[in-house]
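Notes to accompany the following structure.
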Amino acid sequence: MNRVPDDAENAHSSSVESCPSLRDVHSINPAQLMARIESYEGREKKGISDVRRTFCLFVTFDLLFITLLWIIELNVKGGIETTLEKEVLQYDYSSSYFDIFLLAVFRFKVLILAYAMCRLRHWWAIAFTTAVTSAFLLAKVIISQLFSQGAFGYVLPIISFILAWIETWFLDFKVLPQEAEEENRFLIAQDASERAALLHPGVLSDGQFYSPPESVAGSHSERKWYCN
């Protein structure tokens with residue numbers, strides 16, 4: 001005859017013990033969500049993501065590396081001043097490397113303007129620079145006489161072509177997908193925090209739960225009031 005009350009008492013005690021754990025879960029999850037949101041907001045305040053900064057550094061490396069190779073080529077041909085005057089002031093499309101250097105400057109200006117200053121999230125700018133670079137280099141290799149000028153006739157066009165396509169691959173497969181994924185995570189975390197705030201407007205602290213001094217410790221009525 002006493003089994004039913006005992007079972008009810010056990011169920012009530014187990015529910016009482018589970019109430020603090022549920023309260024702890026609801027108190028932890030919003031804090032974790034808010035911490036994650038704050039981390040995403042901190043990244044936004046930095047102005048530019050780490051992967052985009054790496055892309056901009058690689059674009060800068062492209063310009064500096066092509067410039068270094070062009071200066072070496074000027075020095076090899078008999079002096080920087082003499083060769084510079086010949087290739088710049090007496091520019092000849094079929095024999096000068098000055099246009100390849102200008103092509104690297106063109107890529108640098110367009111990509112830094114689009115993806116560092118304007119923080120563009122589309123591939124059209126890199127597609128434009130890569131298409132212009134590829135078309136110009138193919139035409140120069142076919143029409144000009146670079147291959148008859150030694151190793152630099154191969155090195156500068158090939159390296160310029162490869163660097164342009166590496167920049168395209170890095171932006172299309174690394175920068176844009178990673179930034180889109182981080183933005184989606186931020187939106188999901190923000191939405192979850194808003195839902196948690198609506199479902200649980202406030203998390204009660206331990207100081208808000210107390211027992212009156214005159215109450216009997218361990219009574220079922222006190223436990224029920226404590227849990228609720």
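Give me the pairs: first residue in segment 150-165 and aliphatic (A, V, I, L, M), second residue part of a helix (DSSP H, G or I) and surrounded by 15 or more Cβ atoms within 10 Å (Cβ to Cβ), beta-carbon distance under 6 Å, and six or more apart or on different chains, which are they?
LEU156/LEU69; LEU156/ILE100; LEU163/ASP62; ALA164/THR130; ALA164/THR133
Report whether or not SER95 is open to solvent by less than 50 Å² (accessible area, probe 1.4 Å), modelled with pLDDT under 90, of a type in the set (Ser, Thr, Tyr) and farther than 28 Å from ILE142 by Cβ. Quick ask: steps written out before the conclusion?
Details: open to solvent by less than 50 Å² (accessible area, probe 1.4 Å): yes; modelled with pLDDT under 90: yes; of a type in the set (Ser, Thr, Tyr): yes; farther than 28 Å from ILE142 by Cβ: no.
When the stated conditions are applied, SER95 does not pass them.
Name, by its number, the condition in (1) within 30 Å of ARG52 (Cα to Cα); (2) polar (S, T, N, Q); (3) in a loop (DSSP other than H, G, I, E, B) that does not hold for SER95.
Result: SER95 fails condition (1) only.
Any idea which residue in segment 99-128 is least open to solvent (accessible area, probe 1.4 Å), counting only those that are in a helix (DSSP H, G or I) and among the basic types (Lys, Arg)? Reasoning before the result, please.
Just the residues of segment 99-128 that are in a helix (DSSP H, G or I), to begin with: 99-117, 124-128.
Going one step further and asking which of them are among the basic types (Lys, Arg), we end up with 107, 109.
Working: ARG107: 1, LYS109: 135 Å².
This residue is ARG107.
The values are calculated or read from the model by the stated rules, or taken from the named source; none is laboratory data. Fair warning: this is a prediction, and the values are worked out from it, not measured in the lab. Positions of Cβ are generated from backbone atoms using ideal geometry, with glycine treated the same way; all protein chains shown enter the neighbour counts. Side chains are part of the model used for accessible areas, which takes the heavy atoms of the whole protein and leaves out ligands, DNA and RNA. Shrake-Rupley method; radii C 1.70, N 1.55, O 1.52, S 1.80 Å.
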